[in-house]
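Notes to accompany the following structure.
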Amino acid sequence: LQAKLEPFGENPTRSVAEVRLPLGPYVGRALTVRATTSDGGKLTITREETVRVDKPHWVNSTVGIPKRVPEPWTPVATRGTDRGVEVQVWGRTYRLGENALPASIDHQGDQMLTGPIVLRGEADSRPIVWQDALPHVAKSNEFGVTTQVAARSGGLRLAVETTVEFDGYIINDITITSDTDVTIDRLELLVPIANRFAELCYGNRVYKETPGVAISQWHSGSTKGVLKFKVGPEVWLGNRYKGFTVQMETAEHWHPSDPLNAITITPGSETTRFLARLIEQRTVLRKGEALYYNFNFIATPARSMLRDGWDLRIIRSEPWGKDLEYHSRTIDGKPELEWLAKSGVRYLFTNVNHIWPFPMPRGNPRFADALQRMMDDIHRAGLKNIPYLLHQRYPVNVSDFDGHGLSMMTRPGRAYVIGAFGKPDEHGVYARPGPITVEHGADSQGATMVCPRSRAMVDSYLHALGRRYDTFGDDGIYLDGTASIVPCINREHGCGYYDDAGVLQPTFPARYSREWMKRIHVATKQHGADHIVDLHCSFGYNTGAVHFADNLWTGEQWHHLRKTSTDHLLSVFPLDKFLTEFTGWQVGVASDLLFYRLGKPMRVASFAFLHDIPGRPSNPHAQQATSPDQDDPTSAFHKQDYFTVMSRIWTMRDAFEIRQAERHFYFENQAYVAVEGKDCFVTFFHHPENGILAFVTNLDKVAHAVSVSFELEKLSLADTKLTAFDALTQEPVTMDNDGKVSVSLGKEEWAYIWLKPDRGER
């Protein structure tokens, strides 16, 4: 057999040849493969390797592939009209109009667009006017509908295939060809969004990175003025509760005048215009050539929020492996797990991998026995376990990686080896994966970044996850960055493209990231409705996929502050940024805050609790590294034990029956409450029987006496005798007859004040 070497990548000194052999008759047998490379006689290189021809048992795994539409979503309903195709999914109705692009979006009664999304431009100095551009249904079932368009404008031909899936995710593939040579002067995609659904904006990797500050690539916050972005994997526009996402998987065939201005967001009087400048430089499309563009859309939230972070009550454990000792640990003389359950904990986030981050132990019965004992102990205490099982990385010493690793990896390859972390334990050792895990037989922790476009990676991980659930009975999974859309140039699984200069450029596998998350969700929920997917998504808030999680744990964006922290939270964490990506409201998923990059938890709670978002506490036995404490060293407030405070808050919320209360957030409660004090805010809850529970916070750089005046008549409490007190300390708070209370708060301090109808006790 002979094959010709072809150039590989941008390096002219590297070449590759491929030969495909019919190996069916040799399955199960060992073969010797000998490859000889010759340049015609001057140089000959021979390499020989013995391989066994086997199909791994996990290849083409069906774990996580849904057999019916998973809850809370509903089967897709489709109806053809004279204006296109109408598609109904949970909470939303899309009408696909010309070019199979969304012409209107009804999200629970709200019209999100002010006009249709259009593909427009000029060719040969004339406007492009597509003929016969309405879509027809090519395929339809309960999981989704696929429509197709075959349109033309002069010599240009347009082929569009659009798929709408059950969660409302729209995959739109556009191909433009020509019968003759055509000069395209301009080509652009316009999305006209109603202003009230474009107050906030999130842009994923849309800026050039400032060295050492990864967060500099992202836009997060208010839509003020014209925003100019380079092509990145995602732009989301929305308000506090709803929004619309545009995802782009490749910049191939984009020819903007300025690559850093390829996408513009322009607010107007009624409409905010998202404009993708596909072609601004005159481009000749020759006969037989093709231009390809991809856009994925979704109107958010894509689901209802069933539970919030306060309902889940997840705590974090460190150092890695310590959880294997739960059976022998006590707190206040009681078994630790029993003590945690009594404190209000419901879910434990644990990390005791044999081979991090692979779900199943490999060939080590002693480690498997210790893991099963831990699981049994957790369940006996009435708690649930969500282990750290999947990452954006894959361990290199798992046998599945041997022979498939090159197709699993992102390119350029990025290895990851966990080094020393935190402070030494009582034995002078504290390095991840931790001495306890190693004592039980944990292996090396080396891993490499992988890409969800690799079917081998996804199948291997899902097969192992299914076995993990069946074997050990975990109650869900913790994912570390798994939903992120990571740029990749690995041609072996289809990523990357060559630009006009012949340089290999990355693509963004957005739809594959979503599919990966969907399968994880389905595999998890098949084992129980209360099994949860806990997603850490600090770098890369993928609004097209995060709804397949139950909880978002986010806040590591400030990685660059790990050595310095910050003296004032509001200076690095504007409120509009919190509202953009930290609440989970716009995607229908619970959220809690990862605080340690920003400082001590009592400080960061001043932000999180204002939005009724918890900050995840750690196990009291856990040792963890946090940012240097730059608070006033004399402040008793900031030195409080955060876990104990959280336990009291859980008890307080239950006593107030907060699930039956109306929420009135600081940004919309001015009709009911007035606050005196610079950068001081209040969010409160109104219960028909239990009165008012108010969270009062001082986000200023200095201490304040904060006065809060409630409109008791509007709250139907004017004729009710109320007792005001600190809900956590039970200390009384002075309140006048007009409903005004005052509290003294230091910098970034806060308090819960309960105005309780007086029934003679509290």
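The values are calculated or read from the model by the stated rules, or taken from the named source; none is laboratory data. Quick caveat: nothing in here was measured; it's all calculated off a predicted structure. Cβ placement follows ideal geometry from the backbone for every residue including glycine, while neighbour counts extend to all protein chains displayed. With ligands, DNA and RNA removed, areas are computed over all heavy atoms of the protein, side chains included. Shrake-Rupley method; radii C 1.70, N 1.55, O 1.52, S 1.80 Å.
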Nearest 10, in degrees from 0 to 90: the angle of helix 365-380 to the longest Cα principal axis of the chain is 40
So for R0 = 25 Å, FRET eff. of GLU711-GLU689 from the Cβ-Cβ r, to 0.05, ends up at 0.85
Looking only at aspartates and glutamates whose Cα falls under 17 Å of LYS721's and that sit 8 or more positions away or on another chain, we get GLU689, GLU711, GLU713, ASP736, ASP738, ASP758, GLU761
Computed about the Cα centre, the charge dipole of region 502-598 from +1 Lys/Arg and -1 Asp/Glu charges at the Cβ has a magnitude in debye, to the nearest 20, of 320
Within region 201-264, DSSP-loop trypsin sites (Lys or Arg not before Pro) with at most 14 other C-beta atoms within 10 Å are LYS208, LYS224
In degrees rounded to 10, the 0-90 angle between helix 510-525 Cα long axis and the longest Cα principal axis of the chain is 60
With 0.36 nm assigned to each residue of separation and the Cα-Cα distance removed, ILE45 to GLU492 gains 158.5 nm
Going through LYS322/LYS525; LYS242/LYS577; LYS678/LYS756 one by one, the pairs whose alpha carbons sit over 18 Å apart turn out to be LYS322/LYS525; LYS678/LYS756
Low-density loop trypsin sites (Lys or Arg not before Pro), region 514-611, at most 10 other Cβ within 10 Å, DSSP non-H/G/I/E/B, are LYS563
Extension length gain for LYS721 and HIS560 (0.36 nm per residue less Cα distance), in nm, is 52.9 nm
Heads up, region 45-141 by the C-alpha gyration tensor (a ≥ b ≥ c square roots of eigenvalues; a/c under 1.5 rounded, else a/b over b/c prolate, else oblate) looks oblate
What helix-only [θ] at 222 nm does the chain give? Using -39500 (n - 2.57) per DSSP H run of at least 4, over all residues, to the nearest 500, the answer is -4000 deg cm²/dmol
Of region 575-610, those with amide N under 13 Å from the point 7 Å along the Cα→Cβ vector of GLU668 are 585-586
Note on region 497-613: alpha-carbon gyration tensor, axes a ≥ b ≥ c; rule is a/c under 1.5 for rounded, else prolate if a/b larger than b/c, else oblate; result oblate
Subtracting the Cα-Cα distance of VAL33 and ALA636 from 0.36 nm times their residue separation yields 210.0 nm
Taking a label point 7 Å from the Cα of ALA150 along Cα-to-Cβ, the residues of region 51-87 whose backbone nitrogen sits under 18 Å from it are none
Among SER304, ILE355, ALA290, the residue whose Cα sits farthest towards the positive end of the charge dipole of region 204-360, when +1 is placed on the Cβ of each Lys and Arg and -1 on the Cβ of each Asp and Glu, is ALA290
When the charge dipole of region 642-715 is computed with +1 at the Cβ of Lys and Arg and -1 at the Cβ of Asp and Glu, the Cα pointing farthest to the positive end, of PHE643, ALA705, ALA661, is that of PHE643
Most packed first (mean Cβ within 10 Å per residue), the peptides 711-721, 366-376, 36-46 order as 366-376, 711-721, 36-46
Simple SL model, points at 7 angstrom along Cα→Cβ for VAL702 and GLU657; separation in nm is 4.4
Given a 1.4 Å probe, the accessible area of the chain per residue, as a whole number of Å², is 42
Helix 455-472 sits off the longest principal axis of the Cα atoms of the chain, rounded to the nearest 10 on a 0 to 90 degree scale, by 40
With label points set 7 Å from each Cα along the Cα-to-Cβ direction at GLN372 and SER125, the distance between them in nm comes to 8.0
Low-density loop GluC sites (Glu not before Pro), region 13-63, at most 15 other Cβ within 10 Å, DSSP non-H/G/I/E/B, are GLU18
Quick calc: nm separation of the 7 Å Cα→Cβ label points for LYS139 and ARG307 -> 3.5
Mean separation of Cα contacts under 8 Å (at least 6 apart) over the residue count of the chain, i.e. the relative contact order in percent, is 10
By the C-alpha gyration tensor axes a ≥ b ≥ c (rounded if a/c is under 1.5, else prolate when a/b exceeds b/c, else oblate), the shape of the chain is oblate
Among region 375-406, those whose backbone N falls under 18 Å of a label point 7 Å along Cα→Cβ from ASP530 are 375-387
For the chain, percent of DSSP beta bridges that are antiparallel (nearest 5) comes out at 85
